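S.K.: Have a look at the structure that comes next, please.
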Amino acid sequence: MKAIVVEDIVKKYRVGKAEVSALEGISFSVDHGEIFGIIGPDGAGKTSLFRILTTVLLADSGFASVDGFDVVKDYKKIRNQVGYMPGRFSLYPDLTVQENLEFFAAIFNTTIKENYDLVKEIYSQIEPFKNRRAGQLSGGMKQKLALSCALIHKPSVLFLDEPTTGVDAVSRKEFWEMLHRLKVQGITILVSTAYMDEATLCDRVGLIQKGVLLSVNTPKRVISEFKDALWAIRAKEMYPLMEAIKADPSVLSCYPFGQYHHVTFHNKAESKAQLERIIKNGNYTDVEIFPIQANIEDCFMALMKE
Amino acid sequence: MRTLKFLLRKELLQIFRDPAIFRILFIMPMVQLLILPLAADYEIKNINLGVVDHDHSTYSRKMIDKITSSGYFRLRDYSATYTQALHAIEQDKTDLILEIPSQFERNLVKESESDLLISVNAINGVKAGLGAAYLQGIIHDYNQEIRMEWIQNLRFNPLPIIDVTSTNWYNPNMNYRVFMVPGILVMLVTMIGSSFASNNIVREKEMGTIEQINVSPIKKTQFIIGKLVPFWILAITVLTLGLILARLVYGIIPLGHYSTIYFFASIYLVAILGLGLLLSTYAQTQQQSMLVSFFVTMIFNLLSGLYTPIESMPQWAQVITWFNPVSYFIQVMRMVMLKGSSLADIEHHILAMLGFAIFFNGWAILNYRKRSG
């Protein structure tokens, strides 16, 4: 039995008279003890999917189950054993850290003591501030508290909706380390993010765009499926260079990536020659060109373009 | 049960942690209770009188003396012509004109009959109506006095006269405060109960905390009771403070039992809080819930019989008051405070209130959805 099964879920919202489609027939499944990443830009339908799986939103059609329970019929059972961390910080800002945790333990009919082992590692980091009000915590600490609250009733499946949005790089790294330790304890984790670099930290990822699931695979397979020849190029005049490359008809794609532009061409074999031709036509200094291995972001960019 | 205990604890912690809310909750109604009853005084004094005396006789002067010495009127204008007197009304110097025709005394003596003209500025209807009535009353008295002077040597009165003496039951001195303060207290408790409770749930919606609650196994009823009880306690506390204030400041001591008031208030508050919760299940933002509860309590208060007697409202408005919980509580308050009514006397009110409580709360629970479509 799979931990999460999603079959052909469709969800539309009514905005005035127009109908906006949030999810257009999504299907995938998640194994027990797996970290499954839903990667996609803002507005792709990630949150709608999470709300359907956590039984607070009804889908228009399709079937979904969590831990073998139907999200429509057995919603009560699901609510007892999943942890949900909404994208927006939604603990009580006027209650202290400890009061928040106690409260969420109580509404799930448990106590902090009972499941302290599970949250110990995370909670111990914010325990020195346990008498501080949750609203006054820093972003990273809020995130840790929210995760503690989502974990306090020992859920079998954990839903994390964009847990690292707006959190600094160090806290993000820490957060993912925590998720990996939770995975070891057998908790299934469905996590969504808009940061593509986080995709490599998942066991499997699903790329979602405009309510459509583009590909479901392990991060390695996603990368290995990238077939184009990818070139990195750099010059002192980065912006005019990009303009020139994008304007060239032989170019398939060009994205700025840190210090380099990543470029692919319609005709793989002549890539280098094409690039050199573009540079000759312009006035660029300190030009550097070399072929590179695609990373996961390149793959998603390519997938989204298709 | 344990879950409920924690829900209540959390709610109370939140309320007591916000000092501003706490102050608003207790100080504001107290200040209102101290100010409003003084302002809501129906007794009209200091009516500005303008006199046009064409007669300049003993009788006319005597009558004017009698009017001004009554305490209700102030002689502000003494004009030669009616046009001038009207001008004074236009300038808002006077509220009333009393015109005494020439030959007033002569006609009265010779023909036993004379006319007077009273013109009233009716912009303020209450003042105009009461002013004219007072003036007529005084003139009537004066008329009697003159008759007595003429016919005092007769043994029997040739004209039969009905002499009316009235007693004011339940409020012998016609003290309007005894009448207004309990009503205003009801209004304040209602405002706190309905708008405060509805805002609270909507706040959870706005903060997104309700999302976490919805994903938890908490039952709808538990959640709603968890919201009801803390505000019920708060409103009862405000009521208690108000009753203490009424006793200490206005010297209002109920003829009936405090327990009767509390018994009714506890059912009443369940109904009013239920209404607040119902509003909150529809509102998405605190502005929406504020405006709607403002609208509802405004109608409830104005149609409650607090300011104007229900019996003098048009029939359709009277029908609305049957569905207005506030009017029931105001009636009960006045009955217990002034008449000393007991539980048996307000049986009908209690049943109606139970109906309101079940209706509003039932609707609120039905309409509160943990999941959306």
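The values are calculated or read from the model by the stated rules, or taken from the named source; none is laboratory data. Bear in mind the structure is a predicted one, so any value in this text is a computation, not a measurement. For neighbour counting, all protein chains shown are included, and Cβ atoms are generated from backbone atoms with ideal geometry for every residue, glycine included.
S.K.: Any idea which residue in the stretch B:353-373 is farthest from B:Val215 (Cα to Cα), counting only those that are crowded, with 17+ Cβ neighbours inside 10 Å and aliphatic (A, V, I, L, M)?
M.R.: If we take residues in the stretch B:353-373 being crowded, with 17+ Cβ neighbours inside 10 Å and aliphatic (A, V, I, L, M), then B:Met353 is farthest from B:Val215 (Cα to Cα).
S.K.: Could you tell me which numbered condition A:Phe175 fails, if it satisfies all but one of (1) in a loop (DSSP other than H, G, I, E, B); (2) more than 11 Å from chain B (Cβ to nearest Cβ)?
M.R.: All conditions pass for A:Phe175, except number (1).
S.K.: Just the residues that are under 30 Å from B:Val178 (Cα atoms) and among the charged types (D, E, K, R), please, taken from the stretch B:34-55.
M.R.: Those that are under 30 Å from B:Val178 (Cα atoms) and among the charged types (D, E, K, R): B:Asp41, B:Glu43, B:Lys45.
S.K.: Here's a follow-up. Taking the conditions exactly as written (of a type outside the set (Val, Ile, Thr), surrounded by 19 or more Cβ atoms within 10 Å (Cβ to Cβ) and farther than 27 Å from B:Pro182 by Cβ), does B:Ser289 satisfy them or not?
M.R.: For B:Ser289, the condition - of a type outside the set (Val, Ile, Thr), surrounded by 19 or more Cβ atoms within 10 Å (Cβ to Cβ) and farther than 27 Å from B:Pro182 by Cβ - is met.
S.K.: Then there's this: Hey, among A:Lys113, A:Lys12, A:Lys17, which residue is touching a strand residue (DSSP E or B) at 6+ places or on another chain (Cβ under 7 Å), in the same structural domain as A:Val184 (by TED's automatic domain parsing) and among the charged types (D, E, K, R)?
M.R.: Within the list A:Lys113, A:Lys12, A:Lys17, the selection yields A:Lys12.
S.K.: How many residues does the stretch A:217-239 contain that are part of a helix (DSSP H, G or I), out of contact with any strand residue (DSSP E or B) (no Cβ under 7 Å at 6 or more places or on another chain) and closer than 27 Å to A:Gly33 by Cβ?
M.R.: 4
S.K.: Quick one: which residue in B:Phe223, B:Phe231 is within 16 Å of B:Phe6 (Cα to Cα), more than 14 Å from chain A (Cβ to nearest Cβ) and either buried (at least 18 other Cβ atoms within 10 Å of the Cβ) or of a type outside the set (D, E, K, R) (or both)?
M.R.: B:Phe231
S.K.: Go over the candidates A:Leu214, A:Leu252, A:Leu303 one by one and state the one that is touching a Ser or Thr at 6+ places or on another chain (Cβ under 8 Å), surrounded by fewer than 20 Cβ atoms within 10 Å (Cβ to Cβ) and in a strand (DSSP E or B).
M.R.: Result of the check over A:Leu214, A:Leu252, A:Leu303: A:Leu252.
S.K.: Just to be sure, is A:Phe175 more than 23 Å from A:Ala302 (Cβ to Cβ) and either touching a strand residue (DSSP E or B) at 6+ places or on another chain (Cβ under 6 Å) or at pLDDT 90 or above (or both)?
M.R.: Judged against the criteria, A:Phe175 is not a match.
S.K.: So, one more: How many residues, within the stretch A:5-27, are more than 23 Å from A:Gly68 (Cα to Cα), loosely packed, with under 15 Cβ neighbours inside 10 Å and touching a residue at least 40 places away in the same chain (Cβ under 8 Å)?
M.R.: Residues that pass the stated criteria total 0.
S.K.: May I ask you to list the residues in the stretch B:56-70 that are in contact with a helix residue (DSSP H, G or I) (Cβ under 6 Å, 6 or more places away or on another chain) and in a helix (DSSP H, G or I)?
M.R.: Across the stretch B:56-70, the qualifying residues are B:Tyr59, B:Ser60, B:Met63, B:Lys66, B:Ile67.
S.K.: From the list B:Gly183, B:Gly256, pick out the single residue that is crowded, with 19+ Cβ neighbours inside 10 Å, in the same structural domain as B:Gly340 (by TED's automatic domain parsing) and not in a helix (DSSP H, G or I).
M.R.: It is B:Gly256.
S.K.: Could you please let me know if B:Arg74 is within 14 Å of chain A (Cβ to nearest Cβ) and either in contact with a helix residue (DSSP H, G or I) (Cβ under 9 Å, 6 or more places away or on another chain) or at pLDDT below 90 (or both)?
M.R.: So B:Arg74 fails the test.
Every residue, every condition in (1) free of Cβ contacts under 8 Å to residues at least 60 places away in the same chain; (2) within 30 Å of B:Met180 (Cα to Cα); (3) among the aromatic types (Phe, Trp, Tyr), yes or no:
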{"position": "B:Ser57", "(1), (2), (3)": "yes, no, no"}
{"position": "B:Ile67", "(1), (2), (3)": "no, yes, no"}
{"position": "B:Tyr78", "(1), (2), (3)": "yes, no, yes"}
{"position": "B:Gln91", "(1), (2), (3)": "yes, no, no"}
{"position": "B:Ile100", "(1), (2), (3)": "yes, no, no"}
{"position": "B:Leu108", "(1), (2), (3)": "yes, no, no"}
{"position": "B:Val126", "(1), (2), (3)": "no, yes, no"}
{"position": "B:Gly129", "(1), (2), (3)": "yes, yes, no"}
{"position": "B:Asn143", "(1), (2), (3)": "yes, no, no"}
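S.K.: Still on this structure: For the stretch A:219-247, how many residues are over 28 Å from A:Ala199 (Cα atoms) and among the basic types (Lys, Arg)?
M.R.: 1
S.K.: Among B:Tyr176, B:Tyr142, which is the only one that is at pLDDT 85 or above, of a type in the set (Ser, Thr, Tyr) and over 30 Å from B:Asp18 (Cβ atoms)?
M.R.: The unique qualifying residue is B:Tyr142.
S.K.: Looking only at the stretch B:7-55, count every residue that is assigned to a helix (DSSP H, G or I) and either within 14 Å of another protein chain (Cβ to nearest Cβ) or under 30 Å from B:Glu99 (Cβ atoms) (or both) and tell me the total.
M.R.: Qualifying residue count for the region: 15.
S.K.: Right, next: Among what's in the stretch A:278-300 and is over 16 Å from A:Pro240 (Cα atoms) and not hydrophobic (A, V, I, L, M, F, W, C), pick the residue that is surrounded by the fewest Cβ atoms within 10 Å (Cβ to Cβ).
M.R.: A:Gln293
S.K.: Filtering the stretch A:118-153 down to residues that are among the charged types (D, E, K, R) and in a helix (DSSP H, G or I), which residue is farthest from A:Asn80 (Cα to Cα)?
M.R.: Here the answer is A:Glu127.
Residues are listed down the side, and each one gets a yes or a no for (1) under 22 Å from A:Glu198 (Cβ atoms); (2) within 11 Å of another protein chain (Cβ to nearest Cβ):
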| residue | (1), (2) |
| --- | --- |
| A:Val82 | yes, yes |
| A:Pro86 | yes, yes |
| A:Phe104 | no, yes |
| A:Gly140 | yes, no |
| A:Thr164 | yes, no |
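S.K.: Of the numbered conditions (1) surrounded by 19 or more Cβ atoms within 10 Å (Cβ to Cβ); (2) over 30 Å from A:Gly25 (Cα atoms); (3) not small (Gly, Ala, Ser), A:Gln136 fails exactly one; give the number of that condition.
M.R.: If we test A:Gln136 against (1) surrounded by 19 or more Cβ atoms within 10 Å (Cβ to Cβ); (2) over 30 Å from A:Gly25 (Cα atoms); (3) not small (Gly, Ala, Ser), just (1) comes out false.
S.K.: Let me ask you something else. Residues that are part of a helix (DSSP H, G or I), modelled with pLDDT of 80 or more, over 24 Å from the mean Cα position of the chain (by Cα) and among the hydrophobic types (A, V, I, L, M, F, W, C): does the stretch A:280-298 have at least one?
M.R.: no
S.K.: Which numbered condition in (1) modelled with pLDDT of 85 or more; (2) among the β-branched types (Val, Ile, Thr); (3) under 25 Å from B:Ile44 (Cα atoms) is the only one that B:Val126 fails?
M.R.: With (1) modelled with pLDDT of 85 or more; (2) among the β-branched types (Val, Ile, Thr); (3) under 25 Å from B:Ile44 (Cα atoms) applied to B:Val126, the lone miss is (1).
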